[in-house]
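Novice: After the structure tokens below, expect a handful of questions from me.
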Amino acid sequence: MTGPEETPSRRSRATALAKRLIPWVFYVLLGAFLIAYLFTVDYDLLLSVELNWWFMLLATITILVARGWAVAIWLTILRGLGAGRFSSVPTLAFVYAKSWLGRYIPGTAPWILGKIYFASRQGLSKTKLAISSLLEAGLQIVVSLVIGLAMILFDPRTAVIPDEYRWLMGIAVVLGVLVLMPPVFNRILRLLFRVSKRGSLDSASLPSWNTVLAGTTMYAFVTVLAGLAAFFVTAAVWPELSWGDAWFVIGVTSLAAAISMLAVFAPGGIGVREAILILLLSTIMPSEIALIATILLRLWSIVGDFLFLGITYLVMRVAGRTPPDIPTTPLGSDA
């Protein structure tokens, strides 16, 4: 007969097994979708273009700075939610870089859940991680939409965008801003917690106006920085671009990034982002060059993400930290 003490033991073993399997499931799914995408690329088309490698180097440095700034935004938001001191910033940077790759798995959930899972094993509260991730995603989408709309909707070259889509994007911005206002955002969070029967939320774990405004300002900077990196890539393909086109490319890539994040059915927004980029970049360069630039932008983005992952891993190891898949002594609530 099974003793009453064996049930908790079995539950503990099942939990331990799940914790071992989750990272592997994440890696397998990531690898599968990336390999599937890479097999669809027309490499002959890419090899037919002579690149300006100095521009590619400049683009890579710029995007790595942008990725590092994104880590700073995450940590700033966590501090605003009362996360306190972090046990290891290099380890959390590696966690962010690894979780960021979850964008290439269909749905927004793998990116958010991966960050919650890996960072919680460093002793951070799952509640604060979940709230920070939702706020991050919302800010990223809204700020990218605002910058994209501000930079391109009044440009005559964007006449290819139907008026109804302009109105939809404008409505999305208004709704996004309203939802992210702390009184509204916090009320929604409290409602979600009550519905999910997870108890009440501590006010200290909810974002204030200062936290939201700080995140908004920092995301505005990183969005422009990422757009500038994309401009360097397009200039590497089409040297006839002028510096006057930089703002247009920043706006186009910001808009494409925001809409691709909303398309949760597409891994990393693949397909959606490309369609928008080809449509709008074709207004400043030949269509075939716009296609090549778009393909190169995606491949370069993937390479940049893995390069950032490698850099954060090396920094973490130099700092003498263990990989984040190994749990550390909890520093805070795991609720």
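Novice: Kindly give Rg over Rh for region 97-201, based on alpha-carbon atoms, with the Kirkwood expression for the hydrodynamic radius. Working shown, then result.
Specialist: Working: Rg = 17.0 Å, Rh = 15.9 Å.
When Rh is taken as the Kirkwood radius, the ratio is 1.07.
Novice: Report residue 231's accessible area, 1.4 Å probe, all protein chains in place, as a number in Å² to the nearest 10.
Specialist: 10
Novice: May I ask you to give the percent of accessible area on region 133-261 that is carbon plus sulfur, with a probe radius of 1.4 Å? Walk me through the numbers before you get to the answer.
Specialist: Working: 4440 of 6240 Å².
The C+S portion of the solvent-accessible surface of region 133-261 is 71 percent.
Novice: Over the alpha-carbon set of region 66-145, work out the extent along each principal axis and list the three values in angstrom, largest first.
Specialist: 32, 24, 23
Novice: Taking a temperature of 25 °C and a viscosity of 0.890 mPa s, what whole-number D in µm²/s does Stokes-Einstein yield for region 172-218 with Rh from Kirkwood over alpha carbon pairs? Don't skip to the end; give the middle numbers.
Specialist: Working: Rh = 11.5 Å.
Roughly 213 µm²/s, to the nearest whole number.
Novice: For region 142-243, compute Rg over Rh where Rg is the Cα radius of gyration and Rh is the Kirkwood radius from the inverse mean 1/r over Cα pairs.
Specialist: Working: Rg = 18.6 Å, Rh = 16.6 Å.
Radius of gyration over Kirkwood radius for region 142-243 works out to 1.12.
The values are calculated or read from the model by the stated rules, or taken from the named source; none is laboratory data. What you see is a predicted model, and the numbers here were worked out from it, not measured in a lab. Quick note on the areas: whole protein, heavy atoms, side chains included, nothing else; ligands and nucleic acids left out. Shrake-Rupley method; radii C 1.70, N 1.55, O 1.52, S 1.80 Å.
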